[in-house]
Amino acid sequence: MVRTAARVAPFLAILLLLSSAPSLRAQEQPPIVVTSLSAGYTFGQQATFGIEVTADAGITALYLYLQEEGKPQIDVISAPFEPGTSARAGHQRDLRLYPFPPFGQVTWWWEIWDGADHRLTTDPSTFQYVDNRFEWQTGISEPIRVHTVVADPAYLRAALDVAQASLTRITQELEAPEPERVDIYLYPSLTDLRAALEMAGREWMGGQARPELGVVLVAVPYDDEFVTRMEQDIPHELTHLVIYQVAGPVGYAYIPAWLNEGLAMVNQVHPDPSLDALLEQARLEGRLIPLSDLCAPFPTDPETALLSYAQSASLVQYIRGQYGGAGIRALLSAYADGAGCEGGIIQALDTTPERLDLAWRAYLMGISGWATWLSDNAAWLLLWGLSLLLALPMTGAVCRRRR
């Protein structure tokens, strides 16, 4: 019995060795090993990406891939390094020259090559390019997230309430789905907001919506008027996001500025009364801007820009009054389908831009009914006038004969 066990023991040892061989092979080190990855940035200044890697066959190439949210193209950067079996490399991006989209997502990954023609691609990583000059506090009321630097729960709660009520009202009016997520950043001053936009390579304005990112940037100082300012600026910028939901990423580019900005203006809870005075003064002085000039983005000249906003708001109010919400939605639908600025009006409202502009100007003067009637019957009035001119000589001749 002992002899039998002695004979079997070597065979058992061989079997155990063979059964453990796969696990030993599985524990073998892969040809390329990434030991460290890093990414960081200073808003508006510089972004840094780093990698440390080893390979027995020697590292031959390191490539960094960058993709910005909302952009299909991918940047590929060949990172310099000292050749060897281990390598450390980094890439610094000057955000003053090549800014990332503010508050957008940046995705990055590395590709590594070695001397044995092995290639390794790391899993993609992401970060949100937030203005990290500030410590943001966040409040959530789905789908809305409000970010502020003000340490007052009442301020944060007011912003959430205004945003939620505005988003509900605007989506119902335009019969649009709510965005999956909305991030609203409330800057403590116009100066801070301006600096953020300029550092991110964006044109300065009082507020900004990035519909493709679902991001709104506004300045709401922490003072006695912060609720009023929220009710003015938050609905305005949210309107752009909802229009983007209606039109889609392709159709949004066809929405004319007068409709996009006009809707945003009329959705403000507290319209700016100074714009009404500006509009009336321009009407009296004959300086109203032709409708065709309000199709493209508004000029940067402050006076002309303000008048463009005022006219657009008034025109949208007029259309809403004459055609109802259905008229506004028909316009958005026509433009979302690719209609031109003039074609959208013809398709949605069954009138020409010239007649619409004439009717709106008459509305400003308080004679809209007569102006519309005259416009609609201009051809018949012309024929009637000509018939009178032709009839006058005959009438005179009859009168002379009777004498």
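Values in this text are rule-based calculations from the coordinates and carry no lab data. Here the structure is a predicted model, which is why all the values come from computation and not from measurement. Virtual Cβ from ideal backbone geometry, glycine too; neighbours counted across all protein chains shown.
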Checklist entry - Which of the chymotrypsin sites (Phe, Trp or Tyr not before Pro) across region 127-230 are loop residues per DSSP, with 16 or fewer other Cβ within 10 Å? => result Phe134, Trp136, Trp204, Tyr222
Item to check | Cα-projected label distance for Thr48 with Thr352, points at 7 Å along beta-carbon direction, nm | outcome: 6.5 nm
Checklist outcome for this item: Computed over region 80-209, the relative contact order (Cα-Cα under 8 Å, seq sep at least six) in percent reads 21 percent
Checklist outcome for this item: In whole percents, the bins of 5 Å from zero upward hold the Cα-Cα pairs of region 255-372 as 2, 12, 22, 27, 21, 12, 4, 0
Next on the checklist: Let's test the formula: R0 of 41 Å, r as the Cβ-Cβ distance of Glu285 and Leu190. What FRET efficiency results, to the nearest 0.05?
Outcome noted: 0.85
Checklist outcome for this item: Two pseudo-spin positions, 7 Å from Cα along C-beta at Lys71 and at Thr85, lie apart in nanometres by 4.0 nm
Item to check | Pair Thr126, Glu225: separation of 7 Å Cα→Cβ label points (nm) | outcome: 3.9 nm
Checklist outcome for this item: The orientation-averaged projected area of the Cα convex hull of region 32-128, in nm², is 6.0 nm²
Checklist entry - Can you give the Rg to Rh ratio of region 77-203, both from alpha-carbon atoms, with Rh computed by the Kirkwood formula? => result 1.13
Item to check | Where GluC sites (Glu not before Pro) fall in DSSP loop in region 280-337, at most 11 other Cβ within 10 Å | outcome: Glu285
Checklist outcome for this item: tail above 17 Å in the computed P(r) of region 134-247, as % of all Cα-Cα pairs, reads 50 percent
Item to check | More than 27 Å apart - percent of Cα-Cα pairs taken over region 191-325 | outcome: 20 percent
